[in-house]
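The values are calculated or read from the model by the stated rules, or taken from the named source; none is laboratory data. Please read these numbers as outputs of a predicted model, since none were measured by experiment. Glycine gets a Cβ as well: all are built from the backbone with ideal geometry, and neighbour counts include every protein chain shown. Ligands, DNA and RNA are stripped out before the accessible areas are found, and what is left, the full protein with its side chains, is counted by its heavy atoms. Shrake-Rupley method; radii C 1.70, N 1.55, O 1.52, S 1.80 Å.
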Amino acid sequence: PHPTAPQSGPLFLDEGAAAAAARAEELRAVLLSACCPVMSGDVAMPSVQRLLSATIQACAVQLPAQMVRREDGLAGSVTQTVNLESGHQIDGVVVLCDCDSGRVLTVAPLPPLLRQFEAACLDGLMRRFAKTSPFRVASFGGYVVHNSEGQLSVELSDNLASADVAVCRGVEAIRQALSAPGSDHPRCWMVFLADSEQRSAVADLPALSKAAVVEAASLFHDADGELFDGPVVAVIEPPSASVCLALCKYAMEKFLSTEGRSVRTLAAVLLLALLPTVARCLSTNETEARLWFTEFDAKLAVEKNKVVEASWANAVNLTKENAQKVVEANLAHTEFLREQRAEMRQRFDWKQFSDRNLTRLFDKADDIGTSAANASMQERYGQLSTQMSGIYSTAQVPHPDTGKMMQLDPDITDALADPNESERVKRALWQGWRDASGKRMRQNYTDFVTMGNLMIREAGYSNIAQYWQSWYEPRPGQNFTDMMAKLWDVALPFYQQLHAYVRRKLRDKYGAELFPETGHIPAHLLGNMWAQSWFNVEKLTTPFPDLSTVDITEKMNKLGWNATKMFRVSEEFFTSIGLDPMTDTFWEKSVLTRLPDVKMVCHASAWDFYTNKGDFRIKQCTSITTNYLGTTHHEMGHVQYYQQYEKQPVLYRRGANPGFHEAVGDTLELAVMTPGHLHKIGLLDEIIESKDYYLNYLFQMALQKAAFIPFGYLIDLWRWQASEGRLAPEKYNEGWWKLRCGLQGVSSPVPRSEDDFDPGAKYHVPNNTPYIRYFVSHFLQFQLYEALCNISGHNGPLYKCDFYQNKQAGDALKKFLAHGSSLHWEDVLSELTGTTELRADSLVRYFAELNEFLTEENKKSGERVGWDADCPSADWYTTTTSAPETTTLAAGRAATSGTVGWWAAVGAAALARRLLAV
């Protein structure tokens with residue numbers, strides 16, 4: 001008992017109060033005699049003294065009889081009875097004592113204490129110069145982290161006043177030993193800190209404890225970086241429950257015996273931990289586990305609904321009050337996940353279940369990601385996320401001529417898409433958007449990466465990149481990044497041909513002076529803020545402009561279509577193949593156009609509210625365009641997925657992998673956008689059955705699908721580099737443009753520097769949405785499309801397939817969707833396509849005729865295929881990007897001295913073209 005409350009009740013249930021108090025005092029004396037001489041005498045080095053006194057100043061003792069752990073003011077532990085004889089869980093207990101005063105500071109259960117030490121001692125604290133925003137770690141001892149110009153310092157309250165970075169390294173070593181890969185559920189581990197002369201003590205343990213011993217002495221350094229030559233950490237994991245219990249009892253007997261006190265077989269060896277523990281003490285009763293999980297699943301749905309409701313309210317009405325409610329809802333949700341995981345780990349040994357589905361559910365419940373971190377970190381992480389999202393969603397740019405403030409959607413988006421808008425205006429809007437969005441969140445994002453990595457380590461991952469990649473469940477021998485690289489290698493040759501052809505056509509339009517000799521395409525000329533889709537340059541680049549193209553924007557507007565009509569047409573396609581219509585709630589609560597008089601997030605998104613009552617919604621600021629018709633089908637595909645797996649447990653209510661969710665709507669879009677289908681629904685007056693007509697169609701699809709692939713790849717390549725520490729914050733923008741120039745073959749129209757933060761100008765970066773899912777989906781959708789076409793009995797070129805009204809295809813798709821994530825994605829894919837492998841073959845077959853045409857055209861024109869790995873040099877920008885300013889004669893700008901060199905290089909004819917373009 002705590003010394004300030006000696007009358008608070010018996011420690012041992014089978015003894016009277018007086019005897020219990022006497023034994024407790026004896027126990028305290030034993031602990032002090034075991035620990036303090038080591039720290040105060042000449043036996044240990046000063047750095048060992050520092051480690052011991054500041055980190056774990058006493059011993060963890062497992063009492064070998066019934067014990068009650070009462071409410072304790074300092075430790076905050078809850079009352080819990082532990083009965084070794086009945087097979088309940090054994091809890092480690094930590095007694096912290098002050099060796100100078102002999103005062104027992106507190107008694108605490110070990111697992112929470114270790115988590116608190118861990119929170120204070122992760123990377124951000126060990127790396128003193130890590131850049132992060134100030135935050136307080138709510139842990140025992142009151143760790144406070146101060147950030148002064150990027151340099152971290154650690155202060156503690158009076159209980160543990162001598163801690164320093166060496167302490168953090170020591171505790172981190174313990175943490176790593178206790179959470180080593182493959183140790184999902186520690187059985188009965190003990191950690192010893194021993195002087196080098198006492199290493200034999202580890203070897204003296206009885207034969208029944210033979211198991212792997214991990215020496216982690218190399219992880220211990222003092223404050224000056226010198227290696228401790230004394231301590232050793234040993235982790236003993238007995239092979240069975242009976243061995244574990246026997247070893248625990250042996251250790252206790254030795255430690256508490258007269259022999260143990262005098263000879264000190266374990267005197268310099270601190271019993272630091274007997275973790276929650278014996279395998280037989282964790283239940284493997286699957287009936288009990290199912291009952292627990294059913295209750296958990298119901299509560300999880302309620303908690304998720306609260307988060308989604310708060311997020312929706314904020315997305316459709318951006319206010320500070322709504323943003324704060326999102327932070328609060330997320331904090332409550334993460335606390336719920338932590339509590340449920342702790343209970344689950346204390347009750348069940350689910351790895352031993354015979355029901356593999358039940359094991360899978362428990363595995364998913366155990367993996368709570370950044371929610372494993374403490375409340376202080378959660379709050380700061382949520383604040384950073386909300387701030388970045390707010391910057392992005394409220395950014396506006398003045399029109400370079402009128403000064404009118406323009407929002408991204410639809411104002412800037414429409415201007416960049418307009419082939420008749422001047423290059424000068426497009427360039428100004430391109431740069432202005434990045435100044436108004438990404439540039440303003442650079443420091444926030446740097447802090448966000450640091451904080452995210454700190455938090456995800458609490459869940460056992462090295463960094464956020466590793467966590468995100470784990471969602472794809474790589475099987476033994478698989479490397480996720482290698483899988484993605486192989487897909488890109490297959491797609492690259494076709495992309496290079498498309499890039500070369502489009503570059504030549506745009507150069508003819510805008511003039512050679514705007515195109516660097518490196519072979520890159522200036523990003524602002526591709527009709528999209530991020531050059532991720534090239535659909536809007538189709539009129540400038542189509543192979544056969546005299547033939548009609550599949551651009552139905554004009555037709556939809558002529559027919560008086562509105563947003564609701566577009567969604568009803570999409571719904572009808574799904575119902576025609578036997579899938580479900582949208583629910584009444586969907587039509588009542590979705591936001592399909594921009595709301596008046598409020599600031600809202602216009603980025604299209606689909607929402608599952610986890611009510612089990614059909615509450616699914618879409619938020620989209622719809623314009624009546626061909627592009628938005630495709631987006632509508634994409635978002636409706638998400639909702640169809642939600643509907644089909646609604647009856648699954650909450651943890652299975654997601655795509656088989658993240659790319660699956662993105663692929664479903666796009667798979668349907670491939671059928672919907674065929675000329676044959678558009679003719680059926682009245683959006684095309686005629687179909688011209690000629691090779692040239694379909695080459696135009698394939699080219700249009702390539703501008704949307706194939707042009708996107710490198711962009712879909714590079715966003716998360718960049719984030720993985722940042723998360724893994726391979727890209728330093730001071731080189732964030734340089735690293736971004738290396739990927740954009742090197743992989744995508746596009747370059748910035750204006751000089752960029754580290755004052756800019758161009759990744760933040762893309763929605764998914766400030767909103768922390770992983771992007772590799774879109775890369776995956778752009779291959780997967782062609783696989784699914786080909787499989788459904790085969791099921792429907794389609795004959796002929798793949799690009800002509802339309803399985804509209806085909807119930808066989810619908811039944812197959814419905815079964816595919818209903819699995820959710822209940823199976824490994826390879827098994828779900830195999831069921832529909834016959835292969836477990838994500839492949840590029842279907843995409844290659846789809847575009848084969850176009851690839852052949854582009855290759856031949858590029859040969860005829862002598863166009864270079866490919867581009868330099870490096871971006872254009874700074875010198876190129878000094879002569880080129882200044883040119884338009886000096887040649888906009890109508891704006892009244894006089895020529896400058898820099899104009900002469902530019903004029904000589906470009907020539908009068910090129911300048912004439914430039915003026916016409918402006």
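Things worth noting here:
- For the stretch 739-746, the count of residues that are part of a helix (DSSP H, G or I), among the aliphatic types (A, V, I, L, M) and either modelled with pLDDT under 95 or buried (at least 22 other Cβ atoms within 10 Å of the Cβ) (or both) is zero.
- Of all residues making up the stretch 836-869, the number that are in a loop (DSSP other than H, G, I, E, B) and open to solvent by 40 Å² or more (accessible area, probe 1.4 Å): 8
- The set of residues in the stretch 540-560 that are open to solvent by 20 Å² or more (accessible area, probe 1.4 Å) and of a type in the set (V, I, T) comprises T549, T553.
- Filtering V537, V490 for residues that are β-branched (V, I, T), crowded, with 21+ Cβ neighbours inside 10 Å and under 33 Å from the mean Cα position of the chain (by Cα) leaves a single hit, V537.
- Residue within the stretch 754-774 that is hydrophobic (A, V, I, L, M, F, W, C), over 26 Å from T413 (Cβ atoms) and either open to solvent by less than 40 Å² (accessible area, probe 1.4 Å) or in contact (Cβ under 8 Å) with a residue 24 or more places away in the chain (or both) present: no
- Single match in D401, D435 (criterion: over 24 Å from Y771 (Cβ atoms) and either at pLDDT 95 or above or surrounded by fewer than 20 Cβ atoms within 10 Å (Cβ to Cβ) (or both)): D401
- Residues within the stretch 757-812 that are assigned to a helix (DSSP H, G or I) and not charged (D, E, K, R), tallied: 28
- Leading residue by the ranking (modelled with the highest pLDDT) among those in the stretch 340-366 that are in contact with a Phe, Trp or Tyr (Cβ under 9 Å, 6 or more places away or on another chain) and outside any helix (DSSP H, G or I): F353
- Candidates T593, T583, T611 - the one that is surrounded by fewer than 21 Cβ atoms within 10 Å (Cβ to Cβ), closer than 24 Å to V650 by Cα, among the polar types (S, T, N, Q) and out of contact with any Asp or Glu (no Cβ under 8 Å at 6 or more places or on another chain): T611
- Criterion: surrounded by 20 or more Cβ atoms within 10 Å (Cβ to Cβ) and either within 28 Å of the chain's Cα centre (by Cα) or closer than 22 Å to V672 by Cα (or both) - qualifying residue of G810, G793: G810
- Residue selected from the stretch 614-653 under the condition in a loop (DSSP other than H, G, I, E, B) and among the β-branched types (V, I, T), by the criterion surrounded by the most Cβ atoms within 10 Å (Cβ to Cβ): T622
- Within the stretch 780-821, the set of residues being of a type outside the set (S, T, N, Q), in contact (Cβ under 8 Å) with a residue 40 or more places away in the chain and within 14 Å of A656 (Cα to Cα) comprises L780, L784, L813, K814, L817, A818, H819, G820.
- Test result for D811, in the same structural domain as M701 (by the TED database), touching a Lys or Arg at 6+ places or on another chain (Cβ under 6 Å) and at pLDDT 95 or above: no
- The lone exception for Q478 - which of (1) of a type outside the set (K, R); (2) open to solvent by 30 Å² or more (accessible area, probe 1.4 Å); (3) at pLDDT below 95; (4) over 27 Å from the mean Cα position of the chain (by Cα) it fails: (4)
- Qualifying residues in the stretch 367-398 (those that are modelled with pLDDT under 90 and hydrophobic (A, V, I, L, M, F, W, C)) - the one nearest to D435 (Cα to Cα): M377
Residues checked against (1) touching a residue at least 40 places away in the same chain (Cβ under 8 Å); (2) within 27 Å of S590 (Cβ to Cβ):
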position	(1), (2)
F293	yes, no
K306	no, yes
A323	yes, yes
V326	yes, yes
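- Of all the criteria given as (1) closer than 22 Å to T878 by Cα; (2) assigned to a helix (DSSP H, G or I); (3) in contact with an Asp or Glu (Cβ under 9 Å, 6 or more places away or on another chain), the one not satisfied by G735 is (3).
- In the stretch 314-338, residue farthest from the chain's Cα centre (by Cα) [restricted to those that are buried (at least 18 other Cβ atoms within 10 Å of the Cβ) and among the polar types (S, T, N, Q)]: N314
- Criterion applied to N453, N479 was being in contact (Cβ under 8 Å) with a residue 60 or more places away in the chain and of a type outside the set (D, E), and the one residue passing it is N453.
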